[in-house]
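What follows is calculated from the coordinates using simple rules that are stated; it is not laboratory data. These numbers come from a predicted model, not from an experiment. Positions of Cβ are backbone-derived with ideal geometry, glycine not excepted, and every protein chain shown enters the neighbour counts.
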Amino acid sequence: MTTPLVIGNWKMNMLASEACHLAQSLVDMSVDGVDVVVAPPFTSLYAVSQIIKNSRLGLAGQNFHSETKGAYTGEVSLEMLKDVGCGYVLIGHSERRQLFGESDADVNKKVHLALHMGITAVVCIGETQEQRASGETLSVIETQLQQGLVGLSGESITHLAIAYEPVWAIGTGLNATPEQAVEIHKYIRNFLFESQGFSKKIGARIIYGGSVTPENCKELLREEEIDGALVGGASLNFESFYAIIKSSLEP
Ligand code: PGA
């Protein structure tokens, strides 16, 4: 059985004191059988890492530069994230793609770096409303996977997760239905393990993101194809994030 993965993406929210407070509540909840990860803003990573260091809670960076060091004012390298305790990184979140021009080629460079450094790459993919309406969803997903994962062989992959996040569902309150999510998760699974021939032993998890709430998480997470959730808004509050974490453990 796959251990569910539930990630809280805090985006550009919470000051360090608030981030530490929430991290402490999550450490105190002591839930087994699910990998819970938080992705605070850069400014809180170190402080949060000190709070979670003897716990099962994981730490993720929300982004990093694809170069390893140098004159890139305002940027953060993957080694810096690893240094403050990140075992996971989000790559290619739709907000990075849409607002900051991140391309599939950038995603690919970052995935290689992360896997090379033994950090779990959480690669985010998903279609816009227009692409869904014009029947392009599967081809968009395939292109993002193909270009984002180019050059990876089954052996080079240690840890990988794919987050299917339809752009129209992010922060809108409009989640994908379980049927819509399952269709895409199956497609992704087939791409990884059949078309690309990645070994199932790598334990790549395929998680869903986009307006996941305590109300809709049960029907989504009960689907066998959905290995967990990438949660934005509902991860900023302990009660709602905890409810989602608990749901990931229900049969
Ligand atoms: P949301 O964000 O849960 O607020 O829709 C999800 C995400 O952007 O990862």
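Quick grid of which residues meet (1) in contact (Cβ under 8 Å) with a residue 24 or more places away in the chain; (2) of a type in the set (Val, Ile, Thr):
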| residue | (1), (2) |
| --- | --- |
| GLY101 | no, no |
| GLY118 | yes, no |
| ALA121 | yes, no |
| ALA133 | no, no |
| GLU136 | no, no |
| GLN144 | yes, no |
| VAL150 | yes, yes |
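Being within 14 Å of the ligand (Cβ to nearest atom), under 28 Å from SER25 (Cβ atoms) and part of a helix (DSSP H, G or I): is that true of LEU220 here? Yes; evaluated as a whole, the condition is true for this residue. The conditions of being touching a residue at least 40 places away in the same chain (Cβ under 8 Å) and within 16 Å of the ligand (Cβ to nearest atom) are not met by ALA234. Those helices (runs of 4 or more DSSP H) of the stretch 98-208 in which 3 or more residues are polar (S, T, N, Q) and more than 16 Å from the ligand (Cβ to nearest atom) occupy 137-148. Does ILE125 qualify as being in contact with a Ser or Thr (Cβ under 9 Å, 6 or more places away or on another chain) and not acidic (Asp, Glu)? Criteria met by ILE125.
One residue is enough: does the stretch 98-108 have a residue meeting the conditions out of contact with any strand residue (DSSP E or B) (no Cβ under 7 Å at 6 or more places or on another chain), among the small types (Gly, Ala, Ser) and surrounded by 14 or more Cβ atoms within 10 Å (Cβ to Cβ)? Among the residues of the stretch 98-108, not one is out of contact with any strand residue (DSSP E or B) (no Cβ under 7 Å at 6 or more places or on another chain), among the small types (Gly, Ala, Ser) and surrounded by 14 or more Cβ atoms within 10 Å (Cβ to Cβ), which makes the answer no. Select from the stretch 78-96 the residues that are touching a residue at least 24 places away in the same chain (Cβ under 8 Å) and assigned to a helix (DSSP H, G or I) and write down the one among them that is surrounded by the fewest Cβ atoms within 10 Å (Cβ to Cβ). For the stretch 78-96, the residue satisfying everything is GLU79.
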